[in-house]
Every structure is written in structure tokens, then in C-alpha cells.
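A short reminder: the numbers here are calculations on the coordinates, not readings from a lab. Every value quoted in this text rests on a predicted model; they were computed, and no experiment measured them. Cβ: placed from backbone, ideal geometry, glycine included. Neighbour counts: every protein chain shown.
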Amino acid sequence: MKEDEWDVVIKPKDRMLSVDFGELWRYRDLTSLFVKRNIITQYKQTILGPLWFIIQPALTVAMYMVVFGGIAGIGTDGVPQPLFYLAGTAMWQYFADCLTKTSNTFVDNAGIFGKVYFPRLVMPVANVISNLLRFGIQLGFFVIVYVLYALFDPGCAAALNWFALLFPLLVVMMAGLSLGFGILISSMTTKYRDLQILFTFVVSLWMYATPIVYPLSLVKGKVIAGFNVDLLMHLNPVTPVIETFKYGFLSAGEFIGWGWLAYSFAFMVLLLGFGIVVFNRVQKSFMDTV
């Protein structure tokens, strides 16, 4: 039978830029199944289950309050420490979780990819979507603490402003950045496994290069070893997203500026586009190297 007589023909993409996004949409039911699988299997055999989504950030914030707020004496722009740390931790944890899981896409799912065909982008997209549950629970915990401060501490410096309306955009940007970086790293780890170990270390350091446990004002105008720390911090594409979130919900510090937010958005779009192109190229032959 000739090729043009088949109903469906599955073959590697001939061109590097040939990405079929329509195919990804047609497999949306499969994406939803992987989302459910990720959610169920993560805490299936745990006693506390989804409560870990609250326990983990609560313990993390308590540690930050002792180490950074107490011992190191680092300020929080006048905002109560629990609110300041919870805001940064919730956004960063979503980014880090999506990034880590997506970066192992080819290695972790080689068994499935080798048995049946479906758009490989389904896996990383499912990871980003399923992590929204954890992020939503942690955000709900943040709101509860926020309300408690509003009720029992009327003089609390934290206050909402209209920048909070940018929240949906900030989540999309965080998801896009994590997906872009993740699929790019996953494409490289198929051949160089050392990058998995290195990447885990880099993510840990990345958090401290982002204003999570300290305000951005702390590094304003600072130069260390000839490097403008303030500029480097702003060039971190995650910084504008987290700073805008903190400013919108807590009025912490100053608004980072529309220019830097636009920079982060443009960085996300370019990174995502480049990552998808590389991912599309690697998926044609990754089974030979995994």
C-alpha cells in the first residue's frame, strides 16, 4: 500500500521548525489523563496526602524566619515575615517544580515514548498544568494568612493594589519560563546525563539569586567583584515576575517597572519558542541515546 493511501502517516518531522500545535490540541484528552496521573501518583501512598502542599511551605517559612529574619536580620520591606516569605515561596516553588519535572521529560518517560506515538510536548505541558494544583493550594494558604493579618493586625503594612490584577499574566509567564527552560534542558540531558546533576545544583543556587528570602532593595546599587549585582538580579527573568507579585499583593518595596516586566515576557516568549524548536529536533532521535 502506498503512503498516500493511509489515513494517518507517522514519521519524523522533516524540518526543524515544523511544529504541529494542532496535533497537540487534538491530544488534549491525553494531556488531561497525564495531569490526573501526576496528581494522583504524587501523594497516592502518603498519609497526609495534599496536606504536604501546606506543611512544606509552612515549615520552609518558619525556617526562613529563624535563619534570614532572625539570625541574619534581613528585612522584608516592612511586610510581616510570614506573608513576605509565603509570597515568594509560592511563586518560586511552582516555577522550580515545573522546571525540575519538565527537565526530565525524555529520561523519565523513555519507556512510554518507545511504545506508542503521541506528541512529546504533551508530557511537559501536563507537568506544568498538574503543578497548578499545588500552587493553588499554597496560594490559598497565603490568602488565609493574609486575611488573619488583616483581621488581627490592622496596622499591618501589607496591602493589595491594582497590580494584583496582573496575577493571571504572572502565572502564565512563570509557566512559560519553566516550560521553556525545562524542555531545553530535557533536550540536552538525553545525551549528556551529567547535566541532570548539574541542573539540580543550579536550581538551588538560582533561588538565592532571586529575591525570595530578601527584598530587591537589599542589593540596590551594590557592586561585588566588579559586577553590578542589582543589574544582574534584574536580568534574572524570574525576578520581575516575583517582584510584581509581591508588590501587587503586599505593596512590598517599589514596582520593578513595566520595562523589566516586558523584558521578562519577551524573554519567556523567545525562550519558549527556541525550546520547542530544539525539543522538536531532539525527539526524532532521542530513543537512540536515552
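The figures follow:
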{"quantity": "Angle in degrees between helix 167-189 and the longest Cα principal axis of the chain, rounded to the nearest 10", "calculated": "50 degrees"}
{"quantity": "Cα-centred dipole magnitude for the stretch 119-273, charges only on beta-carbon of K, R (+1) and D, E (-1), debye, nearest 20", "calculated": "400 debye"}
{"quantity": "Length-normalised contact order for the chain - Cα pairs under 8 Å, 6+ apart - percent", "calculated": "28 percent"}
{"quantity": "Estimated FRET transfer efficiency (Leu133, Lys222; beta-carbon r; R0 22 Å; 0.05)", "calculated": "0.05"}
{"quantity": "Dipole in debye (nearest 20) - the chain, about Cα centre, beta carbon charges: Lys, Arg +1; Asp, Glu -1", "calculated": "460 debye"}
{"quantity": "Identified option (computed percent of Cα pairs over 34 Å apart; candidates (1) 49; (2) 18; (3) 27)", "calculated": "(3)"}
{"quantity": "Crossing angle, helix 81-102 versus the chain [Cα axis fit, 0-90 degrees, rounded to tens]", "calculated": "10 degrees"}
{"quantity": "Footprinting exposure proxy for Asp77, Asp29 (fewest neighbouring C-beta atoms within 10 Å first)", "calculated": "Asp29, Asp77"}
{"quantity": "Residues Phe142, Phe118, Phe84, sorted so that the one with the fewest Cβ neighbours within 10 Å comes first", "calculated": "Phe118, Phe142, Phe84"}
{"quantity": "Label point distance in nm, Ser204-Leu166, each placed 7 Å from Cα along Cα→Cβ", "calculated": "3.2 nm"}
{"quantity": "Reduced Cα scattering model of the stretch 112-161, Debye log10 I(q)/I(0), q = 0.33 Å⁻¹", "calculated": "-1.14"}
